[in-house]
Each structure stands twice: as structure tokens, then as C-alpha cells.
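**Student:** One structure follows; several queries about it will come next.
Just so you know, all these numbers are worked out from the coordinates, no wet-lab data involved. Quick caveat, the model's predicted, so the values are computed rather than measured. Glycine also receives a Cβ, built like all others from the backbone with ideal geometry; neighbour counts cover every protein chain displayed.
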Amino acid sequence: MPKVGMAEIRRPQLINATMKVIDQVGLQGASVALIGRAASVSPGIINHYFGGKDGLLEATMRSVLLDLSSGVRRQLAEAPSDDVVARLTAIIRANFDPSQTSPQTAKTWLAFWAQAMHHPVLFRLQRVNEKRLLSYLRFELKKVLPNDQATAVSLTLAALIDGFWLRGALSPDGVNETLATELILDYLRQQLPHTCFETA
């Protein structure tokens, strides 16, 4: 029987091992046996804590999503509350943070998106993540744009973030965070009032 308190140690260890194995062999090849070997635990431990591979993938994606959400909040905390451009830039940069664009995390994201189409729990996690991003963007945009326009611009921004991220994740050179951010800001300059970009 696992020792009391071991869950706090084992869960992060197994999540990291899952990402490592997905990076090496992809989701289909990421068997419980391989993940257990990477984490130096028996497959029975994985079944005990997660109920199998599906449960482990769900926990892994919850961990990645938590990192993303924490990153957005951290970036926003450093942006002035009355500077819409700075706050939108913070949201954009958090989505291109190295914690979200490293090869290991990127492959985990790609595996998650592919699996979410066939897995109700993962699909729900993806929808929550999508709605959270749109909510962050729309909240800031509504400060300077009419509601309908704020909604339309937030949808375009989310599509640009996802698109640049995906292209970068599939590129041998990875995601160019600086270029992606600048191109997205170019779009924003066309949508926001000029006063938003005036410097003191």
C-alpha cells in the first residue's frame, strides 16, 4: 500500500514522466509501462493514482493548463490596470511563455488537442481553456470597444494566438514569441482607438 503523503510526490513525478514519454514516442506510444519506467515506478502505481493512461493524461493536461492560467495571472499582475494594450500584451505573452512552448510541453498540447476530439473529459478541459482565454481578452477589450466589436476582436486574437503557437510548435525552430507578439499587436493597432497606443 502506498505511504501516506506519497501522492504529493508521485503525481508531479508521473506527470513529468508522461510529458517526457509523449515527447519521445508520441501519445499512442506512451504506454503505462513506458511512463512507469520513466518515473521509476510500477504500472500499478499509475493505476492507483490515476486509474490508467486516460486519467494520467487528464491530470497532465490539468497541470499544463494550471501553469498557463498562473502565467496569465502573473503577467497581468505586472501590467497597469488602466493600460489595455499592456494587459492584452501580457495575456499574449503568457500564451507564448517558454513553459508553454518548450518542445516537451508543445508535444503534450498537440497530443491533448488530438485526443480531446474523442475524449469528453479532455474536450471539456479544452473548452474551459478556450473560454478562459476569450474571457480575459474580452474583459480588456470592452474597456475601449463596443461589446460586439470586443467579442469579434477577442475571437480573432484567440485564433491568432492559437495559430502562431501551432505553426511554431510544428516548426523545427519552435515558436518565435517576439515575432508572434509583434504581428498580433499589429492587428490590435488596426482595431483599437489610437489613444490606446499613445505614450505619456
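**Student:** Multiply the residue gap between Lys142 and Arg73 by 0.36 nm, knock off their C-alpha separation, and tell me the result in nm, one decimal place.
**Tutor:** On the way: separation 69, 0.36 × 69 = 24.84 nm, distance 1.86 nm.
Stretched out fully, the Lys142 to Arg73 stretch lengthens by 23.0 nm.
**Student:** With label points built 7 Å along Cα→Cβ from the Cα atoms of Tyr187 and Phe123, find their separation and express it in nm.
**Tutor:** The two pseudo-label positions are separated by 2.6 nm.
**Student:** Next question, about the same structure. Regarding the stretch 1-118, what whole-number volume in Å³ per residue does the convex hull of its Cα atoms give?
**Tutor:** Details: hull volume 13.1 nm³, N = 118.
Taking the convex hull of the Cα positions in the stretch 1-118, it is 111 Å³ per residue.
**Student:** If the chain between Ala114 and Ser135 were fully stretched, how many nm would it gain, using 0.36 nm times the residue separation less the Cα-Cα distance? Please report the intermediate quantities before stating the final value.
**Tutor:** Details: separation 21, 0.36 × 21 = 7.56 nm, distance 2.38 nm.
The span from Ala114 to Ser135 would gain 5.2 nm if fully extended.
**Student:** Under a plain spin-label model, where a point goes 7 Å from the Cα along Cα-to-Cβ, how far apart in nm are Gln149 and Ser42?
**Tutor:** In this crude label model, Gln149 to Ser42 measures out at 6.5 nm.
**Student:** Report the full-extension gain for the segment Arg11 to Ala33: residue separation times 0.36 nm, less the Cα-Cα distance, to one decimal in nm. Walk me through the intermediate numbers first.
**Tutor:** Values: separation 22, 0.36 × 22 = 7.92 nm, distance 1.59 nm.
This chain segment gains 6.3 nm when fully extended.
**Student:** How much space per residue, in cubic angstrom, does the convex hull of the C-alpha atoms of the chain take up? Show your work: numbers first, answer last.
**Tutor:** Numbers: hull volume 25.4 nm³, N = 200.
Looking at the chain, the number lands at 127 Å³ per residue.
**Student:** Checking the table Lys53/Lys107; Lys53/Lys131; Lys107/Lys131 against a 20 Å threshold on Cα-Cα, which pairs fail? Please report the intermediate quantities before stating the final value.
**Tutor:** Numbers: Lys53/Lys107 17 Å; Lys53/Lys131 26 Å; Lys107/Lys131 22 Å.
From Lys53/Lys107; Lys53/Lys131; Lys107/Lys131, over 20 Å: Lys53/Lys131; Lys107/Lys131.
**Student:** Right, something else. How fast does the stretch 82-200 diffuse by Stokes-Einstein, in µm²/s, taking the Kirkwood radius from C-alpha pairs at 10 °C and 1.306 mPa s?
**Tutor:** Working: Rh = 15.2 Å.
Rounded to a whole number, D works out at 105 µm²/s.
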